[in-house]
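Engineer: Before we start, here is the structure in question, set down as structure tokens.
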Amino acid sequence: MDKLTDDDIRNMSKITIQTAAKYLGISANSVTLGMRNALLPIGFAAKKEDGNRYSDSWTYVIVPERLIAYKHGKINEVQVKNIEDNLSTIIKNFEEMKQDLLFLLKKTKNRRYNAIQWPAVERSILFVFSTSSTMVEPV
């Protein structure tokens, strides 16, 4: 196979460690170690916890645009860290708003306003919040 282009990477449904290594011109071992130690900001590496302390099993997700940007020197660890910090702040604020809204809804439900319409409203709200990082329990 010829040298991979940026468009080849963008058109792949999944980028393997071997593909990323070939595209960057480094070894597959360098890619895995770089991702595991957060030194190669092209995606995410997560260690699977299977209860067996003698085996390490990792899952890798390589983001095409991060891989391309890294190869062309347009992304560095500081930029990635800032993006991740901002996303964490947004998620935290969303979780706080979710808790406030659920509190208000519980208070409203206890007052028995709109008793006939409440189940539909509750299902809608729970559907919206069930797509967040934590599951919502019915109030």
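Engineer: Please find, among ASP50, ASP56, the residue that is modelled with pLDDT under 90 and loosely packed, with under 10 Cβ neighbours inside 10 Å. Quick ask: steps written out before the conclusion?
Structural biologist: Values: ASP56 fails: loosely packed, with under 10 Cβ neighbours inside 10 Å.
The match here is ASP50.
Engineer: Just to be sure I understand, how many residues within region 1-22 are of a type outside the set (Asp, Glu) and more than 23 Å from the chain's Cα centre (by Cα)? First the steps, then the outcome.
Structural biologist: Filtering region 1-22 down to residues of a type outside the set (Asp, Glu) leaves 1, 3-5, 9-22.
Filter once more, so that each one left must be more than 23 Å from the chain's Cα centre (by Cα): 1, 3-5, 22.
Residues that pass the stated criteria total 5.
The values are calculated or read from the model by the stated rules, or taken from the named source; none is laboratory data. Keep in mind that what you see is a predicted model, and the values were worked out from it rather than measured. Heads up, the Cβs are rebuilt from the backbone with ideal geometry, glycines too, and the neighbour counts pull from every protein chain shown.
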